[in-house]
Amino acid sequence: MRRFAIISIALAARAAAADPPPLDHVITAPTAWLPAAGAVVGSAALDQHGTSSIVVGYGLGGIAEVELDGDGDLHACGGTSCNEPLYQARAAFRVGARQDEWFDGQPALVFGVQESLPGTRRVGDAYVVASRTLGTGFGSWHLHAGAIALDATADDGTRLGFTVRPIGGIELVPAQYPKTTMMLDATWLSELYASGPNAPVHAAWLGGFGVRYQALSWGSIELAIRASTDENRGVVVRINGVLGQ
């Protein structure tokens, strides 16, 4: 009986360590998961303030991904508040290696860059992140850690300058509820300003926690709460889809 229990736990741990969905985010912080060659990954989100976002990515050879997105995560700050969303169109490129690709125990690794499209405010970032799935009898843990370099220029030419900050996230998929993922993350974003010559361009911390439910084999829905050093961003709902994985 004892041997049977040990074997059962081992099998559960092995199943829990299965590859996670190839989403590029926890809640806001990036992950090192990459889609398969030719796969299309999309996300659409809406928060309690009516601010929306959409992201579409395409997998290249299983080692890279290109993305186009538009969102209101960038906020303008005037006076003491930073509540004015600035919708920004951006392009991104990510390249990396899957976990265990080079050696046993190796985390997935990704280097990503994101830059605003011409004709909009100049906002860009680059990041490196490592992700690893650990299976246990309790469930599977997806761990993410890395660093992000930010830069941004406001309309009047004020510049943030090269700024580096740590980022990370944790996801737990309980063994009893394999379609449910509990999430916690922290990252940094650039903030500009709407008015006031002395208001600086600066980097703002953004953290969140929430739940993702894998409603379909190709689609999931998320409910999360995000908070920033500048303002309370509140509740966000996101729908994710992966085709061709």
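The values are calculated or read from the model by the stated rules, or taken from the named source; none is laboratory data. Everything numeric in this text was worked out from a predicted model, so none of it was measured. Virtual Cβ from ideal backbone geometry, glycine too; neighbours counted across all protein chains shown. Side chains included, ligands, DNA and RNA excluded: accessible areas come from the protein's heavy atoms. Shrake-Rupley method; radii C 1.70, N 1.55, O 1.52, S 1.80 Å.
Exactly one condition in (1) farther than 25 Å from HIS49 by Cβ; (2) modelled with pLDDT of 90 or more is false for LEU150; which is it?
Among (1) farther than 25 Å from HIS49 by Cβ; (2) modelled with pLDDT of 90 or more, LEU150 violates only (1).
Of all residues in the stretch 197-213, which are modelled with pLDDT under 95 and open to solvent by 40 Å² or more (accessible area, probe 1.4 Å)?
Matches in the stretch 197-213: PRO197, ASN198, PRO200, HIS202, TRP205.
I want to confirm something. Restricting to the stretch 121-177 and keeping residues that are among the acidic types (Asp, Glu) and closer than 19 Å to PHE93 by Cα, which single residue is surrounded by the fewest Cβ atoms within 10 Å (Cβ to Cβ)?
Step one: of the stretch 121-177, the residues among the acidic types (Asp, Glu) are 125, 151, 155-156, 171.
So of that shortlist, the ones also closer than 19 Å to PHE93 by Cα come out as 125, 151.
Numbers: ASP125: 23, ASP151: 18.
The qualifying residue surrounded by the fewest Cβ atoms within 10 Å (Cβ to Cβ) is ASP151.
Conditions: (1) farther than 15 Å from SER53 by Cα; (2) modelled with pLDDT under 95; (3) not basic (Lys, Arg). SER220 meets all but one. Number of the miss?
(2)
Restricting the search to the stretch 161-179, which residues are assigned to a strand (DSSP E or B) and either under 20 Å from GLY210 (Cβ atoms) or of a type outside the set (Ser, Thr, Tyr) (or both)? Let's see the steps before the verdict.
Keep residues of the stretch 161-179 that are assigned to a strand (DSSP E or B), which gives 163-174.
Matches in the stretch 161-179: VAL164, ARG165, PRO166, ILE167, GLY168, GLY169, ILE170, GLU171, LEU172, VAL173, PRO174.
Which residues, counting only those in the stretch 209-245, are without any contact (Cβ under 8 Å) to a residue 60 or more places away in the chain and not in a loop (DSSP other than H, G, I, E, B)?
Initially, the stretch 209-245 is screened for residues without any contact (Cβ under 8 Å) to a residue 60 or more places away in the chain, giving 211-213, 215-219, 221, 223, 225, 227, 229, 232.
Result: VAL211, ARG212, TYR213, GLY219, ILE221, LEU223, ILE225, ALA227.
Looking at (1) over 19 Å from GLY219 (Cα atoms); (2) touching a residue at least 40 places away in the same chain (Cβ under 8 Å); (3) of a type in the set (S, T, N, Q), which is the only condition SER43 fails?
Going through the list (1) over 19 Å from GLY219 (Cα atoms); (2) touching a residue at least 40 places away in the same chain (Cβ under 8 Å); (3) of a type in the set (S, T, N, Q), SER43 breaks only (1).
Can you name the residue in the stretch 68-117 that is at pLDDT below 85 and of a type in the set (Asp, Glu) and, of all such residues, is surrounded by the fewest Cβ atoms within 10 Å (Cβ to Cβ)?
Taking the candidates together, the pick is GLU84.
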